[in-house]
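Asker: Have a look at this one.
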Amino acid sequence: MGSTTTVAELVRRQWDDHGTGLRYEGLVLSHHQVAAGAAARAALLTDLLPRGAEPHLGVLLDNTPEFPLWLGAAALAGAAVAGLNPTRRGADLARDVVHTDCRVLVTERAHLPLLDGLDLPGVRVLVTDGDDYAELLAPYAGAEPGDAALSTVGPGTRMLLYFTSGSTGAPKAAICSQGRLAAAGASLASHFAVRSDDVHYVCMPMFHGNAVIADWAPALVAGAQVALRRRFSATRFLDDVRTHGATYFTYVGRAVQYLLATPERPDDRDHRLRLGFGTEAGAVDAARFEERFGVRLVEGYGSSEGGAAIQRSAGTPRGAIGRAAPGDDLAVVDPETGRERAAARFDPAGRLLNGDEAIGELVNRGSSPFEGYWRNPEADAARRRGGWYWTGDLFFRDADGFLYFAGRSDDRLRVDSENLGAAVIENILARWEAAAGVAVYAVPDPAAGDQVMCAMALHGGVAFDPVAFGAFLDAQSDLGTKMPPRFVRVVAHLPVTATGKIHRVGLRREGFRCDDPVWWRPWGAGTYRLLTGEDRAGLDEDYRRHGRENLPGR
């Protein structure tokens, strides 16, 4: 829920605190310098934004010090930051700027080519490492927090317009107010006992909600230091952690797998890091990470929308995220009927036995802090249909109310009329020792529904062994009869988005028509074999015979 505290108040608290506040490469700024820099930019912003315009600015930056400085500036000025994804191009990037009504765009020289030729009427571009930037800021150097604001700043003032990474259509800009961001930071700071002597390592992109909501905000609340990495680097991770004395970091998507894929070193445990917080690492990789680096990973659940929250507590079983946060009435339901799904059943090893009847969509039937999407009433209505907040994510729930992530609703597979969650299958396949990374997704069945396909990256120097892989599958007691992948695409690296999440849209689009080797197990075959041109021709004929030849991924 929201807070009576604002982010602006948290920024003002840094004034006159001369302890270390921000680290970036060789630069070190005190908390006071961070607050002063935010105040100067807030004053500049209030002069640049046209009166009557929406108080929005776009930020197209890597994780440089300018990003948190402009977050602080927006908070003080009562403006909202639209985090812009630098992997967006051309008309798509222009659409994000125009859709969020940004009249000021903050960027750096490295990203200027992305703006070439874009139609951005009325948008003022500031280049933070340009020749005239320091000169532009100079008149505002004496500004103090509270000197400049576009209007009265309160908990309900818009603070973030962060784009969701939807798999279809244009991304939606989720609204986050100052009160909700401050409350999220306070909740995490309390839950993880963040102190002023902690150092939060921000290596996930700040244009994404994870880095700001789960890393920057709790550091701001607790008065902890922030250490920035321009872009995530698995090979530089440990060196950065040691250099900055980092104690906490966040991750999304495949970041943990990339770290595990780096060569082991005798000093892997020589650091101050105590905790990683994020999503989609999976129980297997989380255990491997803790064994190797001595760092506990806590899987969380949340999104820029903030419509539902799950909290980890003492006694949370391995693989579970936690229970519903206070005030949330969370349920796992059939997305078509709204009826609650059956409680999950497990074997003695903790493996799910009844995924078909237990997996459903997570909904919040209580009061939701979701604040809507910017100018997208259709998307708002879809999230809030029937008076519930529909997360769009697949979960299952045990008899004690603990919730387990099963994938995004877009990752749902329907095989022989059975609903499957991609994340459940991925967690099983990740146990294979040869696998460095796994992504599971649907490809169309020639007749009806889906077939299971996976992309698999192998550890260095390891070749795909179809016999060993088949034997591994046979030994997994919780691998249902519909779960084994029909197709296995062997890749050098899993394709990812700018936020480190698997690029499933591209994988589904290509299906088994790709340049990488694809192994498959035809109906009735006992082992996997390479997919040949003749095999593809036979599959094409099957698709044509059933009128499904135009489906993507076939």
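Asker: Keeping to the range 395-415, report how many residues are at pLDDT below 90 and either over 16 Å from Ile359 (Cα atoms) or in contact with a Pro (Cβ under 9 Å, 6 or more places away or on another chain) (or both).
Answerer: The total comes to 2.
Asker: Among residues belonging to the range 494-522 that are farther than 30 Å from Leu84 by Cα and of a type in the set (Lys, Arg), point out the one that is surrounded by the most Cβ atoms within 10 Å (Cβ to Cβ).
Answerer: Arg521
Asker: Can you go through Ala73, Ala91 and tell me which one is surrounded by fewer than 16 Cβ atoms within 10 Å (Cβ to Cβ), among the hydrophobic types (A, V, I, L, M, F, W, C) and not assigned by TED's automatic domain parsing to the domain that holds Asn376?
Answerer: Sole residue among the options that is surrounded by fewer than 16 Cβ atoms within 10 Å (Cβ to Cβ), among the hydrophobic types (A, V, I, L, M, F, W, C) and not assigned by TED's automatic domain parsing to the domain that holds Asn376: Ala91.
Asker: Going residue by residue through the range 414-427, is there one that turns out to be touching a residue at least 12 places away in the same chain (Cβ under 8 Å), of a type in the set (Lys, Arg) and in contact with a Leu (Cβ under 7 Å, 6 or more places away or on another chain)?
Answerer: no
Asker: For the range 400-407, does any single residue satisfy the condition of being without any contact (Cβ under 8 Å) to a residue 60 or more places away in the chain and in the same structural domain as Gly506 (by TED's automatic domain parsing)?
Answerer: No, the range 400-407 contains no residue that is without any contact (Cβ under 8 Å) to a residue 60 or more places away in the chain and in the same structural domain as Gly506 (by TED's automatic domain parsing).
Asker: Shifting gears a bit: Tell me which residues, restricted to the range 240-278, are farther than 22 Å from Gln225 by Cα and touching a Ser or Thr at 6+ places or on another chain (Cβ under 7 Å).
Answerer: Residues satisfying the conditions are Gly253, Thr262.
Asker: When the residues of the range 161-171 are filtered to those that are surrounded by 23 or more Cβ atoms within 10 Å (Cβ to Cβ) and either at pLDDT below 95 or among the aromatic types (Phe, Trp, Tyr) (or both), which remaining residue is farthest from Leu10 (Cα to Cα)?
Answerer: In this case the residue turns out to be Phe163.
Asker: Could you check the range 442-525 for strands (runs of 3 or more DSSP E) lying wholly inside it with 2 or more residues that are touching a residue at least 40 places away in the same chain (Cβ under 8 Å)?
Answerer: Per the criteria, 450-458, 487-491.
Asker: Any idea how many residues of the range 111-135 are surrounded by 15 or more Cβ atoms within 10 Å (Cβ to Cβ) and closer than 28 Å to His32 by Cβ?
Answerer: Qualifying residue count, the range 111-135: 5.
Asker: Give the number of residues within the range 257-303 that are over 22 Å from Ala423 (Cβ atoms) and out of contact with any helix residue (DSSP H, G or I) (no Cβ under 9 Å at 6 or more places or on another chain).
Answerer: Residues in the range 257-303 being over 22 Å from Ala423 (Cβ atoms) and out of contact with any helix residue (DSSP H, G or I) (no Cβ under 9 Å at 6 or more places or on another chain): 5 in total.
Asker: In this structure, does Pro484 turn out to be in contact with a helix residue (DSSP H, G or I) (Cβ under 6 Å, 6 or more places away or on another chain) and either on the phi > 0 side of the Ramachandran plot or modelled with pLDDT of 90 or more (or both)?
Answerer: Taking the combined requirement at face value, the residue satisfies it.
Asker: Can I ask one more? For the range 31-52, state whether one or more residues are among the basic types (Lys, Arg), out of contact with any Cys (no Cβ under 6 Å at 6 or more places or on another chain) and crowded, with 18+ Cβ neighbours inside 10 Å.
Answerer: Yes, there is a match, as at least one residue in the range 31-52 is among the basic types (Lys, Arg), out of contact with any Cys (no Cβ under 6 Å at 6 or more places or on another chain) and crowded, with 18+ Cβ neighbours inside 10 Å.
Asker: Against the condition closer than 16 Å to Arg408 by Cα and modelled with pLDDT of 95 or more, how does Val295 come out, does it pass?
Answerer: No, not satisfied.
Asker: Among the listed residues Ala149, Ala234, which satisfies the condition of being surrounded by fewer than 21 Cβ atoms within 10 Å (Cβ to Cβ), more than 19 Å from Pro65 (Cβ to Cβ), in contact with a helix residue (DSSP H, G or I) (Cβ under 6 Å, 6 or more places away or on another chain) and not assigned by TED's automatic domain parsing to the domain that holds Ala74?
Answerer: Of the residues listed, the single one that is surrounded by fewer than 21 Cβ atoms within 10 Å (Cβ to Cβ), more than 19 Å from Pro65 (Cβ to Cβ), in contact with a helix residue (DSSP H, G or I) (Cβ under 6 Å, 6 or more places away or on another chain) and not assigned by TED's automatic domain parsing to the domain that holds Ala74 is Ala234.
The values are calculated or read from the model by the stated rules, or taken from the named source; none is laboratory data. What you see is a predicted model, and the numbers here were worked out from it, not measured in a lab. Counting neighbours? That spans all protein chains shown, and the Cβs are built from the backbone with ideal geometry, glycine included.
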